[in-house]
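Enquirer: One structure, pasted below without further comment.
The values are calculated or read from the model by the stated rules, or taken from the named source; none is laboratory data. These numbers were taken from a predicted model, which means no experiment stands behind them. Because the Cβ atoms are built from the backbone with ideal geometry, glycine has one as well, and the counts that use them run over all protein chains shown.
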Amino acid sequence: MPKSHDLYGFFSVLYRERYVYTASAYNYKEEIMTKIKSLFISLLLTLGVSSAIAGSHGSTLDVVKERGKLMCGSNTGLAGFGAPNDAGVWEGIDVDVCRAVAAAVFGDASKVEYIPLTSKVRFTVLQSGEVDMLSRNTTWTLSRDVDLGLEFVGVNYYDGQGFMVNKDLGVSSASELDGASVCIQVGTTTEMNLADYFKANGMSYESVPVETNSEADAAYLAGRCDIYTTDASGLYASRAGYPDPSAHMVLPEIISKEPLGPSVRHGDSEWGDIVRWSLNAMIIGEELGINSGNVDAMMTSNNPEVLRLLGAEPGYGAMLGLSDDWAANILSQVGNYSESFEKHIGPNTPINIQRGLNALYKDGGILYAPPFR
Amino acid sequence: MQTSLIRKIIFDEKSRSLLVQTLVIGLFAVFIYLIVQQTAYNLEKRGISSGFDFLNMSAGYDISIRLIPFTSEDTHLRAYFVGLLNTLLIAICGCFLATILGFLVGIIRLSTNWLFRNIAYVYVEFTRNVPVLLQIILYYSILLHLPKTKQAIPIFENFFLSNRGLFSPSPIFKDGFSIVAWSFVLAIVFTFFLKKSLKKKQEVSGKQYPIFLINSAIIIFTPIFVYYIMGRPLDFELPVLKGFNFKGGMVIKPEFIGMLLGLSIYTAAFISETVRSGIISVSKGQREASQALGLKSNLVMRLIVIPQALRVIIPPLTSQYLNLTKNSSLGIAIGYADLVHGFGGISLNQTGRAIEIMLMVMLTYLTISLTISVFMNIYNKSVQFKGNA
């Protein structure tokens, strides 16, 4: 904006002139002309400069490094995936991806600020640059990848949409759900899958739209809806927090593919690479048997891939614009994929999810990271 | 020559102000142009699609609160209209209820009865000092704790109240019902003229007729009479508990009831204050003079006080209507499928066209608000003092 004294000067001259301009009109005329000129120039300058600033973007990595912390879009609270614990520290397998990226960039997994986002606002917030990446159980679809200006960099949990009902209803299959009221989070792929599924099976339903997972839980428990539908993982996570988890069951039908993974903005492939390989490093870590406990010991391994991954053989970090020990930092501070899974959602947690599809390819799952070379 | 032109522009007050105004408008236009350019450039640079082509794509989601048929295969444009109608529905019902409640409370606050007066006082101070969003959520939560569908409370046998809404019989119109409807319209038109002629007679003869009673009787009994002559061309479909929910009949969803209660109870508090100030603004002398002329107290109110109070009431009442309409966008908090929730929320999320959709939604609210203003201004003119005074 032009400086305020320019404007003030301009108008004050006009104001004075009204009373005294007959005395020395020409002096004032000149003064006014100069004022107008300077006002114009400053206006043009500010407009030109501001559009130039708005047009240029530094690389995300530089922005993150300069800021000193990673801004990570997370869930508003989904136990096991992304939620603050009793001490207010964010935890979960989605959160671990953010921590892995922070460990890779800063060498310190705690340098993350979590921005809780509802499913509705998440993409807009990422697009606008308020967060550097999104890691909050978000399904990778074509239109999101292509049309929304996002780039999905991998899958950290293979999921599918399921239905949860109260056992009292006596329902054992999703095909018996005709006429039911269904609680559903707005702005999700599940919303569209649900419409498709009921349509394809010639059934009707009443949708009860809710904003967040906790609102859905409240509406479902109050009996506003018969069914709560979302990704099966989300159903398990919700159920774990109910007063009587055993009174609710997840129906056997899984009606969709929901590959959940972290995403970044289109147009900064270098940053996308860093997030992609941070996740891959966790998966490869599991493949190679490297965990948070044995990183140091593995530095002297005979396996060349282990040495490449841990930076004992230099050069790979520089390709990403990071230090060579980036992956070692991830594995020592966050752990490998298996550690993250078992700690947050595995069979020994209240959420109690089996590895299933999310086991490594060599253990019967479909988790598969490209080779590290 | 040139100097004199410059001189004229700068020192002649009229031309100078014209110049400044043109400059300001020009700069504003440049400003807007730059913003639009910059936005389009940034969107393109980030690989985000833009444009309004998404309006013809199928929405892919369902809306359960709707006035016109809608399925997931319909377009986003139709979702827009579904949302718009829901917004208008809550706005109209809300304004209607808020006005009635507001007038009642406003009059009660001036009552001589200590208890009534103070109950109204507490109501006004409580509701207008608590954010409307909290009130909406409160009413909605209460509604959610009504009995579940299977234990629904029956009312008059065929109505059922549960936490999924109020289920009621829905009318089925058979052949000949349109004649009943027309007889109703005709009765209203007829009473309008009857009222005029009876008033004339009253002015000539001085004899008073119970116009209100006669007209109400005509409006109520004509359609009923025709209804029986036509052989009762109306059936009801009753709601029946089947499976998970009631089937058949109509349902008023708790989301709608929650919104309606929240908005109208909140706005009514403001309206009641407006009404109270309007009534107080009519000077005591007016009332005393009309009583001295022997008018009964309800006539004093209807003929003397209210018409004069309306002049004070209407302008702030308009802004209360506007507030209520805009507050209806809070429906998003409890899942009432209004314009902001459906089109402005779900469609936005599915298509990512934030700027286009928000512009459409904002322009829509602007249009609704301006329309309300126009009509209220016309009404306001009609109640103001006539003549040159």
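Enquirer: As an exercise: evaluate A:GLY162 against (1) assigned to a helix (DSSP H, G or I); (2) crowded, with 22+ Cβ neighbours inside 10 Å and give the number of the one condition it does not meet.
Expert: (1)
Enquirer: Also: Restricting to the stretch B:144-167, what's the tally of residues that are touching a Leu at 6+ places or on another chain (Cβ under 9 Å) and either assigned to a strand (DSSP E or B) or aromatic (Phe, Trp, Tyr) (or both)?
Expert: 9
Enquirer: Looking at the structure I just gave you, is A:THR230 away from chain B (no Cβ under 14 Å), within 20 Å of the chain's Cα centre (by Cα), within 23 Å of B:GLY344 (Cα to Cα) and not acidic (Asp, Glu)?
Expert: yes
Enquirer: Any idea which of A:ALA79, A:ALA87, A:ALA83, A:ALA109 is crowded, with 21+ Cβ neighbours inside 10 Å, of a type in the set (A, V, I, L, M, F, W, C) and farther than 24 Å from A:GLU211 by Cβ?
Expert: A:ALA109
Enquirer: While we're here: Could you list all residues from the stretch B:59-75 that are within 10 Å of chain A (Cβ to nearest Cβ) and either touching a residue at least 40 places away in the same chain (Cβ under 8 Å) or more than 22 Å from B:GLY331 (Cα to Cα) (or both)?
Expert: B:ALA59, B:GLY60, B:TYR61, B:ILE63, B:SER64, B:ILE65, B:GLU73
Enquirer: Taking helices (runs of 4 or more DSSP H) that do not extend beyond the stretch A:297-373, which have at least 2 residues that are within 19 Å of A:CYS98 (Cβ to Cβ) and touching a helix residue (DSSP H, G or I) at 6+ places or on another chain (Cβ under 9 Å)?
Expert: Ranges flagged: A:326-333, A:337-344.
Enquirer: Where residues in the stretch A:323-352 are in contact with a strand residue (DSSP E or B) (Cβ under 9 Å, 6 or more places away or on another chain) and buried (at least 21 other Cβ atoms within 10 Å of the Cβ), which of them is nearest to A:ASP108 (Cα to Cα)?
Expert: My answer is A:TYR337.
Enquirer: Continuing with this model, one more query. Is it the case that some residue within the stretch B:76-95 is outside any helix (DSSP H, G or I) and not small (Gly, Ala, Ser)?
Expert: So far as the stretch B:76-95 goes, no, none of its residues is outside any helix (DSSP H, G or I) and not small (Gly, Ala, Ser).
Enquirer: On to the next question. Do you know which residues across the stretch A:176-193 are out of contact with any Lys or Arg (no Cβ under 9 Å at 6 or more places or on another chain) and either under 27 Å from A:VAL131 (Cα atoms) or touching a residue at least 60 places away in the same chain (Cβ under 8 Å) (or both)?
Expert: Listed by number, the residues that qualify are A:ILE184, A:THR190, A:GLU191, A:MET192, A:ASN193.
Enquirer: Hey, among B:GLN21, B:GLN2, which residue is more than 38 Å from the chain's Cα centre (by Cα) and modelled with pLDDT under 85?
Expert: Of B:GLN21, B:GLN2, the one residue that is more than 38 Å from the chain's Cα centre (by Cα) and modelled with pLDDT under 85 is B:GLN2.
Enquirer: Kindly indicate whether any position in the stretch B:160-170 is of a type outside the set (Ser, Thr, Tyr), exposed (fewer than 14 other Cβ atoms within 10 Å of the Cβ) and without any contact (Cβ under 8 Å) to a residue 24 or more places away in the chain.
Expert: No, the stretch B:160-170 contains no residue that is of a type outside the set (Ser, Thr, Tyr), exposed (fewer than 14 other Cβ atoms within 10 Å of the Cβ) and without any contact (Cβ under 8 Å) to a residue 24 or more places away in the chain.
Enquirer: Next question. With more than 13 Å from chain A (Cβ to nearest Cβ), at negative phi, in a helix (DSSP H, G or I) and over 20 Å from the mean Cα position of the chain (by Cα) as the only criterion, which of B:LEU370, B:LEU348, B:LEU359 stands out?
Expert: The conditions single out B:LEU359.
Enquirer: A follow-up question, please. Spot the failing condition for B:SER49; the list is (1) modelled with pLDDT under 85; (2) farther than 30 Å from A:ALA200 by Cβ, and only one is missed.
Expert: (2)
Enquirer: Scan the stretch B:44-58 and tell me whether some residue there is in contact with a Ser or Thr (Cβ under 7 Å, 6 or more places away or on another chain), within 14 Å of chain A (Cβ to nearest Cβ) and not in a helix (DSSP H, G or I).
Expert: So far as the stretch B:44-58 goes, yes, one or more of its residues are in contact with a Ser or Thr (Cβ under 7 Å, 6 or more places away or on another chain), within 14 Å of chain A (Cβ to nearest Cβ) and not in a helix (DSSP H, G or I).
Enquirer: If you don't mind, another one. If you check B:MET360 against the conditions, is it surrounded by 16 or more Cβ atoms within 10 Å (Cβ to Cβ), in contact (Cβ under 8 Å) with a residue 60 or more places away in the chain and not β-branched (Val, Ile, Thr)?
Expert: yes
Enquirer: Scanning for something outside any helix (DSSP H, G or I), in contact with a helix residue (DSSP H, G or I) (Cβ under 6 Å, 6 or more places away or on another chain) and of a type in the set (S, T, N, Q), does the stretch B:108-122 turn up at least one residue?
Expert: yes
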